[in-house]
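Data block below; observations after.
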Amino acid sequence: MKTHVKFENVTKQYNLGLTRTSLPSIISGWFKRSLRQDASSGIQSRSFLALEDVNFDLRPGESLALVGANGAGKTTILKLLANITKPTSGSIYMDGHLSALIELGAGFHPDLTGRENIFLNGTILGLSRKQIASQFDEIVDFSELEQFIDTPVKRYSSGMTVRLGFAVASCINPEILLVDEVLAVGDAAFQQKCMHRIRDLIGKGTSIIFVSHNFYLIQAVCNRALYLEKGKVKNQGSPKEIIALYEQDLHQKRTAKLETMAHESDDETGDVEITRVEVYGTQSAESGSLANNQPVQIQIHYNAYKPLGKVHVSVFIRRSDGLTCCMMRTKLDDFELSLDRGQGNVSLYLEPLQLITGTYYAEAWFLNESDSIGIVTRAGRSDWFSVKGSVLSYTDDSGVFEPHTRWSHQSHMLSSGNGTFAETQSAMTQLT
């Protein structure tokens, strides 16, 4: 079977420290490094292994997520594939036209307009001017930047730059597409648009290598995942399995951090971290779905690394297209909450859920006592969950929830006999 990408025992080593380019400095540096050579390992003392013996392959139409902490080697893999850097050892096989979006604004000249940068970027990616011109309208339409297409890119916001970059990278129908964290800069609606575009490309046989800390994007886009730790492949499998393993490792590290801080004085600075958010239903409408007329519990697990006193929690439920369906706050519900150092969870009950049919996730934040400033570095998010209600699908005018309702009917009929009104009232109907 055809393979688009294959890594065989790929190692990438960087030399740390300042880079000097004069001939005397190069000779002097080489001599000094030779003296510091570690004879037992053969690795220079001022070197850093970004990747070590990495192996994987990618076939047409497959989408691979690279999962791991910062510094695990994810972006290094993308840079090797994009030919930005070369491997120290091992071999990389690549068959197909490649397009990459691995750095915000990469390939764009700030003084050129959006229009000029489309042609410049397309040329860099190996397209002729005629090919770029044939795709130009599609690129501009996808980026939604028609109004600003003749404005210099240096005047673009970061989100506008990402829009244009992704539009160019994806609309030229590449056989291999590399996507790094840049999608995190775009808004939720644009992320949804990118997801649809990526699925379309996969359906046409494009291979995707995707790097993101947003596990919800990974599960929505990818069918395989590679878990990297300190430059080595720790495991690979389905996104759900790899994310579960990664989060398990994160939980162990957080627990170790909590135990370490438990022996420190109260004067040490601390924080609170949301470790996971879970959504539970008491009954299922069907396999994998929550019934919208049944109670649901949202549970927020946390580690508090020092006593924080009174705090507040905000919980948002967002639809898969980024629409905020509702916001719930302990402040508005007069629920008092105080955190001591340790682990715990906060639960929110929706009785019943009432969302219409669709796919959603819950997002949680801890805020300070005045409910004005967030005290977590990033939100906690649940896995995607689906809801089954009486509305089979949603459109823009379907709303976002099915409230419990009560109907009544009154009518006044004219009596034909004596000219008086007779009042009748129908039975009330309640929907649950």
_Just checking, does region 239-260 include any residue being touching a helix residue (DSSP H, G or I) at 6+ places or on another chain (Cβ under 9 Å), part of a strand (DSSP E or B) and modelled with pLDDT of 80 or more?_
no
*Could you say which residue among Val391, Val346 is of a type outside the set (Gly, Ala, Ser), more than 27 Å from Lys240 (Cα to Cα) and either at pLDDT below 85 or out of contact with any Pro (no Cβ under 6 Å at 6 or more places or on another chain) (or both)?*
Val391
*asked:* Going through Thr330, Thr377, Thr357 one at a time, which residue ends up being β-branched (Val, Ile, Thr), exposed (fewer than 13 other Cβ atoms within 10 Å of the Cβ) and touching a strand residue (DSSP E or B) at 6+ places or on another chain (Cβ under 8 Å)?
replied: Thr377
*Any chance you could count how many residues in region 362-374 are surrounded by 14 or more Cβ atoms within 10 Å (Cβ to Cβ) and not in a strand (DSSP E or B)?*
3
*Filter region 187-223 for residues that are closer than 12 Å to Leu66 by Cβ and surrounded by fewer than 20 Cβ atoms within 10 Å (Cβ to Cβ) and give the result.*
His213
*Residue check, Ile298 at pLDDT 90 or above, assigned to a strand (DSSP E or B), in contact with a Leu (Cβ under 7 Å, 6 or more places away or on another chain) and within 23 Å of Val179 (Cβ to Cβ)*: no
*Out of the residues in region 155-183 that are of a type in the set (D, E, K, R), surrounded by fewer than 20 Cβ atoms within 10 Å (Cβ to Cβ) and at pLDDT below 90, state the one that is nearest to Val211 (Cα to Cα).*
Glu181
*Count of residues meeting criterion [more than 26 Å from the chain's Cα centre (by Cα) and small (Gly, Ala, Ser)] in region 70-129*: 8
*asked:* Looking only at region 54-82, how many residues end up being of a type outside the set (S, T, N, Q) and in a strand (DSSP E or B)?
replied: 8
*Specify which of the listed residues (Thr359, Thr377) is not acidic (Asp, Glu) and not in a strand (DSSP E or B).*
Thr377
_Residues that are surrounded by fewer than 20 Cβ atoms within 10 Å (Cβ to Cβ) and either touching a Phe, Trp or Tyr at 6+ places or on another chain (Cβ under 9 Å) or under 20 Å from His213 (Cβ atoms) (or both), drawn from region 380-390_ = Arg381, Asp383, Trp384, Ser386
*asked:* Being within 25 Å of Ala65 (Cα to Cα) and of a type in the set (Ser, Thr, Tyr): is that true of Thr113 here?
replied: no
_Give me the residue from region 333-354 that is assigned to a loop (DSSP other than H, G, I, E, B) and either in contact with a strand residue (DSSP E or B) (Cβ under 6 Å, 6 or more places away or on another chain) or outside the structural domain of Phe401 (by TED's automatic domain parsing) (or both) and, out of that set, nearest to Pro295 (Cα to Cα)._
Leu353
_Residue under evaluation Ile118, criteria (1) buried (at least 20 other Cβ atoms within 10 Å of the Cβ); (2) at pLDDT below 90, criterion not met_ = (2)
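The values are calculated or read from the model by the stated rules, or taken from the named source; none is laboratory data. Quantities reported herein were computed from a predicted structural model and do not represent experimental measurements. Reconstructed Cβ throughout: ideal geometry from the backbone, glycine too, with neighbour counts over all protein chains shown.
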